[in-house]
Each structure stands twice: as structure tokens, then as C-alpha cells.
Amino acid sequence: MKRPRSAAERRARVAEILRGLDRMYPAATCALHHESPWQLLVATILSAQCTDKRVNEVTPGLFAKYPTPVDFAAVRPEVLANDIRSTGFFNNKARSIVGAARRVVSEFGGEVPRTMEEMLTIPGAARKTANVVLGTAYGIASGIVVDTHVQRIARRLDLTKQTDPVKIEQDLQKIIPKEKWILFSHQIILHGRALCVARSPKCAPCELNPVCYAKDKTA
């Protein structure tokens, strides 16, 4: 496919990408199992450098042992680290989760806040984590989640040329309608796992094939 030159052609291409994602993943949502915004915050912190599958194996027992943010705030980080050891980087994650619990309890009455500004004051909650929680738990489109799948596929689809997640998010926010921000990130993440895998993309069954001009497309 030839690269679109005019602004109108670029907008039309983005619209076709969004339609293709809607056809492939109409009900895409967060893969991390949770029953509350707090549980999603914990799960998202645990998911750093770890698979969602492993996180989902750990969190049921974790939330049974520590049912509320108050319980997490009371535990010593070194004790929590043993509970989450299988997720990797467990010492750092334990400190972040205990710090997050103490912040949520002391500053927000035990409820995860609903604004980006407040979320960013919580230990372990950078923009990606904040976007996950605000978008999935509260339906608040504060931004676009940029994980490794979104970084790679946004560049592959020529939606950005940036490599920094913050700059990628800024580029995507300019071209993706705000009402699609939450769903778009879930769709791209699912797409990266299902078809547009890094080592061997499955291009033939992909709805985006007609509007993708990646150099390593497969037959």
C-alpha cells in the first residue's frame, strides 16, 4: 500500500484501522482479573515485566490474604515480597504496592482517585498504570495506555515515529478520537498477542493488512 500523503488520506487510513480493530476485537478489555479499582491498580503494578497470565494466577490468593487497601498498608514490604515472588522484581513491586496502599488510605480515604494528577502521586503509578486504572475501572479516558505492544504496533502502523512512550501517547491522542482511547489500547494489546506478534506477524488473516505497509509483512 502507498503511504497516504494528504491530511485527509491520513485521517481516512486511521479511520479504516479503527474499523478493522472493531471488526477483530469488538469487546476487547483488560486481561487482568480484578473486582475493584484497587485490585486493578495492584494487578497492574504486578504486571510490569510479567505476563498477565502469571499475575492472574497470583492475585486471587493475594486478595484473599489482603482484602482491602488497609490490609496492604499494614503489611511489611518484605513479607508482601514473598507473596508476589513469582511475578519478578518482587522487592520493588512490594514497596510500590505497600506505598500505594498507604497513600490511598491516608490521602484518598481508601478509594483509588479518579484523576491523572492524583493517580501520579501514588507510588508505582506512572502514566501507563494510571491510564489502565482510570480507563478500565472508571471509564475515564485520561489518555492512551502505551505498553510494549502499543509502542511496537503504533510504530509498525506508522501512527508514530517516536520511541518514548509519553511522546507516542501524545501522537496517538492527536489522531485517535477520545471516545476510542480506552478501547483502542485494549484492541492493540490484544492484536499484539493474537496476530501482530513481534517475531512472526500473521498478516494474512489480519483486517489491517490492506492499510499496513510494514516491511516485514508475511504472506
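For this structure, a couple of remarks:
- When residues of segment 30-78 are limited to those that are within 24 Å of Glu107 (Cα to Cα) and β-branched (Val, Ile, Thr), the one surrounded by the fewest Cβ atoms within 10 Å (Cβ to Cβ): Val70
- Subset of segment 178-197 that is within 14 Å of Gly143 (Cβ to Cβ) and not aliphatic (A, V, I, L, M) - its residue that is surrounded by the fewest Cβ atoms within 10 Å (Cβ to Cβ): Glu179
- Looking only at segment 39-84, and only at residues there that are polar (S, T, N, Q) and part of a helix (DSSP H, G or I), the one that is nearest to Thr129 (Cα to Cα): Thr44
- Per-region count, segment 186-204, residues touching a helix residue (DSSP H, G or I) at 6+ places or on another chain (Cβ under 6 Å) and assigned to a helix (DSSP H, G or I): 4
- Taking the criterion of being in a loop (DSSP other than H, G, I, E, B) and crowded, with 20+ Cβ neighbours inside 10 Å, the residues of segment 85-135 that qualify are Val112, Pro113, Ile122, Gly124, Ala125.
- Applying the condition of being among the small types (Gly, Ala, Ser) and surrounded by fewer than 22 Cβ atoms within 10 Å (Cβ to Cβ) to segment 136-177 and asking which residue is nearest to Ala94 (Cα to Cα) yields Ala137.
- Taken over segment 136-174, the residue count meeting the criterion of being more than 23 Å from Leu46 (Cβ to Cβ) and assigned to a loop (DSSP other than H, G, I, E, B) is 9.
Quick note: the coordinates plus some simple rules give every number you see, no bench work behind them. Being a predicted model, the structure only gives us computed values, none of them experimental. Here Cβ is always computed from backbone atoms with ideal geometry, including for glycine, and neighbour counts include all displayed protein chains.
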